[in-house]
Structures are given as structure tokens and as C-alpha cells.
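First up is the structure itself, then whatever we jot down about it.
The values are calculated or read from the model by the stated rules, or taken from the named source; none is laboratory data. What you see is a predicted model; the values in this text were computed from it and never measured. Cβ placement follows ideal geometry from the backbone for every residue including glycine, while neighbour counts extend to all protein chains displayed. Areas reflect the complete protein model, heavy atoms only, side chains present, ligands, DNA and RNA absent. Shrake-Rupley method; radii C 1.70, N 1.55, O 1.52, S 1.80 Å.
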Amino acid sequence: MKRITAIFLSLLILVCSVSGTALAQQSAGEEVLSIAKDIIRWKKLDNGSTPDGFLINETYLEMAGSTPGDWYPIGLGRLGIADNNAGYLAVIKDRVQERYGQPGKLSAAKATEWHRISLAILAMGGDPTNMGVDKNGQTINLIADGTYDRGKTTPLGRQGINGWIWGLITLDSLRYEIPEGAFYSRDDIIIEILRQQLNDGGFALSGKSSDPDITAMALQALAPYYNSEKTYSYKQKVLGETVTKTVHQVVEEALTCLSALQHDTGDYGSWGTENVESTDQVTVALCCLGIDPLKDERFIKNGKTLLDGILRYRMPDGGFVHSFTYDPDNPTSLPDESNTMASEQTLYTMTAIWRHGQNMRTLYDFREEQSSALKKRIADLEAQITAIGDSADKAEYEKLLKEFYSIPENERNYVGNYWTLSDAARKAGVDIEKIADTTPVVESPRDEDDNENVLLYFTLSDRKAVDDLPEKLSTEYYVQVTTLLDKLLQSEDFETKEQYLEKLTAAKDEISEIQAEIDSINAEIKEKLYPFEGISLKDKKTVDEIVERYQALSAYDQEKILRWEDVIKTKTKIDNVLRGLIIGAVLVVIAAVLTVFLVRSIRKKRRKKEMEMDELAALYENEQDEAGKEGAD
């Protein structure tokens with residue numbers, strides 16, 4: 001009875017505590033949601049959009065498939081804010097297929113190109129395992145090519161630990177199964193991360209000093225395995241010693257390292273610079289591990305939480321600055337202006353905190369939300385573990401362990417206090433491995449799901465948009481045409497579908513040709529005219545041809561030609577030189593004509609004078625002759 005009473009009182013205290021915690025979480029949730037919305041508003045204005053318009057507008061979609069183009073979709077999607085999802089998916093699919101036609105596909109060296117794009121596609125509601133077809137007609141599977149089969153072309157770790165970390169995060173985003181015959185197994189990737197742990201428990205991209213960003217990202221990747229008792233034996237990269245550890249041990253050591261690196265202001269520094277992104281990554285890591293980043297005592301310094309540290313970098317316009325110190329290696333990160341990268345990382349960090357407070361799946365776990373039944377099972381188990389403490393008997397620990405191992409393996413990482421149970425059970429002499437091996441998994445019933453797959457319809461407004469396309473297109477219509485074509489291909493059949501398909505396909509081809517011409521002009525400017533200071537009259541034909549091609553483009557497409565002002569200056573310079581030469585040549589001709597005229601005039605005058613002199617001489621001789629005759633007479 002005493003034990004039952006104690007357990008009852010513990011549960012009562014827990015319920016009251018949970019109620020208070022829920023209110024606090026609700027308040028924190030509203031704050032982070034407000035911060036996230038302010039970032040979104042800032043980015044919309046930065047894109048040239050409006051507060052009520054799309055963040056992922058045509059300006060933004062120019063960057064789809066690049067680092068600055070893929071992270072905002074992740075933040076938006078995981079926050080549950082609908083934006084131009086269809087536009088992003090249509091454009092990124094087109095870009096992926098285009099890049100798969102190149103030798104290195106998305107990148108010859110960086111596997112993280114596959115990982116980032118895959119996560120963005122998932123966040124927008126797409127499927128990274130089916131992104132069109134390559135030049136051989138094979139389905140493009142970004143998960144296979146970027147993670148478990150990456151080693152067939154380039155090692156996953158070619159760019160360092162980042163490749164392993166983000167490969168594992170992407171692989172576990174939907175807990176993708178690795179087929180037989182794959183180049184890497186999950187254990188291969190996990191071990192490659194574990195073996196790069198440094199002496200102080202942290203991780204780094206290079207060197208022997210732990211970096212908070214990389215350490216936090218490693219924890220984000222390892223989070224799904226945090227509650228696993230499985231041990232890994234591997235040779236450490238730094239010390240060269242062979243060790244055997246669980247992921248839990250490595251994570252706890254890394255958390256101790258991160259706690260020690262935190263500043264009294266609540267934030268972090270990396271590479272000698274205080275910055276918001278490092279603080280963001282640590283916050284996301286804690287949320288992925290099920291740790292409350294605003295309440296864990298290890299991450300509250302001088303009364304300052306991680307959120308306090310992040311808010312130091314908030315700007316009046318709602319965006320976030322990278323750092324308060326100018327970084328010459330990162331000229332776009334000014335110390336007094338909101339920065340895109342700082343703001344995008346803070347956006348998905350607020351999303352991670354918000355999801356944690358809402359008891360939702362973690363930031364990079366894109367699976368359907370847990371059913372109400374499964375959430376209740378986990379919550380009940382956590383409450384019982386808290387209530388039972390470390391003074392129960394062996395049978396009670398065994399009962400709770402059986403409940404834990406009856407939960408599907410991929411859901412066990414959501415039990416927040418498992419290690420309290422594990423440590424107490426081992427002290428009581430419980431054979432945890434035996435329980436793990438013999439306990440059958442019990443699936444929880446799913447909630448009734450009314451969200452069936454919706455058929456896409458090519459609406460009357462869609463058809464009107466196709467009909468209204470101008471006769472002469474430009475790349476300004478790339479997003480619209482690509483989005484409409486993607487939607488049409490997925491829509492149900494209708495009577496005039498083939499005509500619309502033909503028109504949109506032709507429009508897409510025309511726009512692709514225009515883009516190819518733009519790329520070609522830019523390439524020629526770079527190859528044939530750089531550096532502009534060295535341009536001479538011999539380059540006139542090249543410059544004139546480029547100018548002629550430029551003038552054939554629409555005003556919108558002309559804006560995409562790089563360094564055009566320099567080209568015009570160069571043309572003006574060459575034209576002036578040529579004009580000078582022509583004028584000089586004309587002057588030379590005039591001078592020559594004048595010279596000839598003068599010479600002829602002088603010669604004429606000379607001849608005339610000579611003739612006059614001859615006449616005078618002749619006259620004189622005549623007179624002399626006559627005078628002589630008269631004298632003789």
C-alpha cells in the first residue's frame with residue numbers, strides 16, 4: 001500500500017508538473033512562432049514579394065537547387081505553412097533532370113547537394129525517390145544516389161564528415177530501407193561518424209578542436225539511435241585506438257562538450273566568431289534528441305538560454321544577422337544587416353522548438369505524425385518511468401522494459417527518459433538484452449485519416465493561363481510554364497489535355513532554348529572578353545556579335561546577361577578607337593589630296609614661271625639679235 005500510495009502521489013505530482021509545463025510550452029511556442037513569422041515576412045520583402053504573397057516566388061525560384069534556395073522551403077514545410085509548394089517541386093524536378101544530364105550530376109564532390117535537395121522536396125510534399133528520369137530513361141532516386149549508393153561513384157565522405165552526417169539525416173528522414181547490394185549500410189555510415197569523435201567528445205570538420213556546428217549536426221544525425229543499446233566497435237580517427245561504445249555514450253560526451261563551449265550570453269562561437277548559426281544548430285540538436293532546449297540546465301548559462309543567445313542577433317526588420325563582427329571571408333554577412341543564411345537557419349530552429357513543444361516529430365523526421373494511441377503509450381511509459389524511480393524491484397523494471405521494447409524500433413527514440421529506466425534496471429540485475437530479443441513489437445492503431453490522396457485537376461484557370469501565354473516567350477514564364485506542365489502531367493485526363501500538353505511542351509522547349517542562349521552569351525563574355533581591359537580592335541567582331549544576340553533577347557532576359565555594362569563600355573571603346581582610326585585615315589587622305597594639289601599647284605606655277613622666264617629670255621635674245629643687226633647696219 002505504501003508503494004502504491006507513493007506511485008500515486010508521484011503520478012499526481014507529475015500530472016501537475018506536466019500541466020504547468022504545458023502552459024509554459026504554450027507560451028514559448030507562441031514566442032517562437034512569432035519569431036518564425038517575422039523571419040518569413042522579412043524574407044518575402046527581401047524577395048520583392050509582399051507580406052501576403054509567396055516567399056517562394058519567381059525571384060526565389062531562380063535559386064532552387066542551391067544552398068540559398070532550398071532551406072527556406074524546409075523551414076516553411078516543417079512549420080506547416082503553405083507557400084508555392086507546387087512551384088518549387090516543379091522547378092526543382094526540372095533542375096534535377098537538367099543537372100543529371102551533366103557528368104557530375106548534382107555535384108562531382110558534394111553529396112550534401114543530394115541531401116539538402118531531398119529534404120527540401122520532402123518538406124514541400126514531394127518524393128525524392130522519383131524525380132523524373134535521367135538521360136538513359138532511368139528513374140532519378142536522390143536517396144539512393146546521394147546516400148546508400150553514393151560510393152558507387154564518389155565516396156560519401158569525400159567532403160569530410162558532412163557527407164556522412166547529412167547522408168544519415170536524409171536516409172532517416174523517412175526511415176528509408178537500404179536494399180541488398182547497396183554500397184553502404186546504416187552501420188557503415190554511423191560508424192564513420194562515431195570514429196571521428198574528438199578527445200573532448202565533440203566533432204569538427206577538420207583539426208582537433210571541437211566545433212559546435214559540426215558537433216550539433218552529428219547529434220542531429222545520431223538522434224534516432226540515442227535510445228539504442230547496440231554497441232559499435234571502431235578505430236578512432238584521432239587517437240587510433242579501437243573502442244566500443246553505444247550511440248548514447250557518444251551523444252552524452254558530445255553534449256558535455258557543447259555545454260562547456262556555450263558562452264555566458266547563451267550563444268556560441270565558431271572559428272573565433274560569435275554567431276547565431278552555431279547556436280541554431282545546437283538548439284536543433286537538442287530538439288532532435290527530445291531535450292527541451294529552453295529548460296535543460298546544461299544549456300542555461302548565467303541565466304541565459306539558447307533562445308536568449310539566438311535573439312541577440314535579431315534585427316528590427318525581423319531577420320537575423322550572422323554576427324556582430326565583419327567577416328572578410330563572408331562579405332554578404334554584414335554586422336548590421338539581416339542575412340539570408342542566418343535567418344533561414346533561425347527559421348528552421350524556431351520550427352524545431354515549436355515542433356518539440358507541440359509533441360510532434362522532430363525537424364528531420366518527415367514520417368506521418370504518430371497516432372494518438374502511440375503518443376499515449378509513450379507518454380504513459382514516460383510517466384511510469386518517472387514515478388517508479390530507482391527503488392523498484394526487478395520485476396517492475398522488466399515490465400517497463402517489455403513495454404519499451406514492444407514499441408516499434410523506429411519510434412523508441414521518442415521515449416524521453418529511457419536511460420533512467422535502463423540504468424536503474426541494470427543496477428537491479430535485469431538482463432536488458434534478453435528482454436529486447438524476446439519482446440514482440442505491438443503496433444498501435446492509426447488515427448482515422450481523412451486526408452486521402454487528392455486527384456489533381458487542370459482547372460479552367462489553369463487552362464486560361466496556358467491560353468494567355470504570349471506568342472513570344474521569355475524566361476520570365478519559366479516558373480509558370482514548368483508548374484503548369486508538371487500539374488498537367490499529374491492531372492486526370494480531359495478532352496483537350498493533349499493540346500495543352502503540346503502547347504506547354506513547346507513553350508517549355510522555347511524557354512529552354514532562350515535560357516541556353518543566355519548561358520551561351522554569358523559564357524562567351526567570360527571566355528572571350530575577360531579581362532575587359534585587354535580588349536582591342538581585333539575583338540570587334542566578337543563584341544558586335546554578342547551585342548547583336550543581346551538585342552534579340554527580351555528586356556527581361558537581357559537583365560540576365562552578366563557584366564553587360566562592361567560589354568557596352570568595351571563596345572564604345574572599340575567604336576571610338578575605330579572612329580578615331582577612320583577619322584585619322586580620312587584626314588590622312590585629305591592631307592594627301594591637299595599635298596598633291598599643292599604640289600601640282602606649285603609645279604604649275606613653277607612651270608608657268610619657267611615659261612615666262614623662257615619667254616623673257618627669248619624676247620631678250622630677240623631684242624639682242626635685233627640690236628646687233630641694227631649696229632651692223
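Points worth noting:
- Positions within the range 99-127 being within 17 Å of Thr67 (Cα to Cα) and in a loop (DSSP other than H, G, I, E, B), in sequence order: Lys105, Leu106, Ser107, Ala108, Ala109, Lys110, Ala111, Met124
- Residue selected from the range 381-427 under the condition aromatic (Phe, Trp, Tyr) and open to solvent by 20 Å² or more (accessible area, probe 1.4 Å), by the criterion farthest from Asp172 (Cα to Cα): Trp419
- Enumeration of residues in the range 81-98 that are open to solvent by 50 Å² or more (accessible area, probe 1.4 Å) and either assigned to a loop (DSSP other than H, G, I, E, B) or not charged (D, E, K, R) (or both): Ile81, Ala82, Ala86, Gln97
- So Asp172, is it at pLDDT 95 or above, closer than 30 Å to Val238 by Cα and open to solvent by 50 Å² or more (accessible area, probe 1.4 Å): no
- Residue in the range 552-567 that is more than 17 Å from Ile521 (Cα to Cα), basic (Lys, Arg) and open to solvent by 100 Å² or more (accessible area, probe 1.4 Å) present: no
- Put simply, of Gly303, Gly318 the only residue that is within 29 Å of Ser34 (Cα to Cα) and either touching a His at 6+ places or on another chain (Cβ under 8 Å) or open to solvent by less than 10 Å² (accessible area, probe 1.4 Å) (or both) is Gly318.
- Of residues in the range 487-519 being open to solvent by 40 Å² or more (accessible area, probe 1.4 Å) and polar (S, T, N, Q), the one nearest to Phe458 (Cα to Cα): Gln490
- When we screen Asn199, Asn162 for residues that are in a loop (DSSP other than H, G, I, E, B), within 30 Å of Thr256 (Cβ to Cβ) and touching a residue at least 40 places away in the same chain (Cβ under 8 Å), the only hit is Asn199.
- Close Cβ contacts (under 6 Å, 6 or more residues apart or on different chains) running from residues in the range 561-577 that are of a type in the set (Asp, Glu) to residues that are surrounded by 13 or more Cβ atoms within 10 Å (Cβ to Cβ) comprise Asp566/Phe532.
- In the set (1) touching a helix residue (DSSP H, G or I) at 6+ places or on another chain (Cβ under 9 Å); (2) of a type outside the set (Asp, Glu); (3) part of a helix (DSSP H, G or I), Gly48 fails one condition alone, (3).
- Every residue from the range 130-147 that is within 27 Å of Met341 (Cα to Cα) and open to solvent by 20 Å² or more (accessible area, probe 1.4 Å): Asp145
- Considered as a group, the residues in the range 428-437 that are of a type outside the set (Val, Ile, Thr) and in a loop (DSSP other than H, G, I, E, B) include one that is nearest to Arg175 (Cα to Cα), and that residue is Asp431.
- So Leu286, is it farther than 16 Å from Gln220 by Cβ and open to solvent by less than 10 Å² (accessible area, probe 1.4 Å): no
- From the options Ile574, Ile561, residue that is of a type in the set (Val, Ile, Thr) and not in a helix (DSSP H, G or I): Ile561
- Note on the range 520-546: residues that are in contact with a helix residue (DSSP H, G or I) (Cβ under 9 Å, 6 or more places away or on another chain), open to solvent by 60 Å² or more (accessible area, probe 1.4 Å) and either closer than 29 Å to Tyr477 by Cβ or of a type in the set (Gly, Ala, Ser) (or both) amount to 1.
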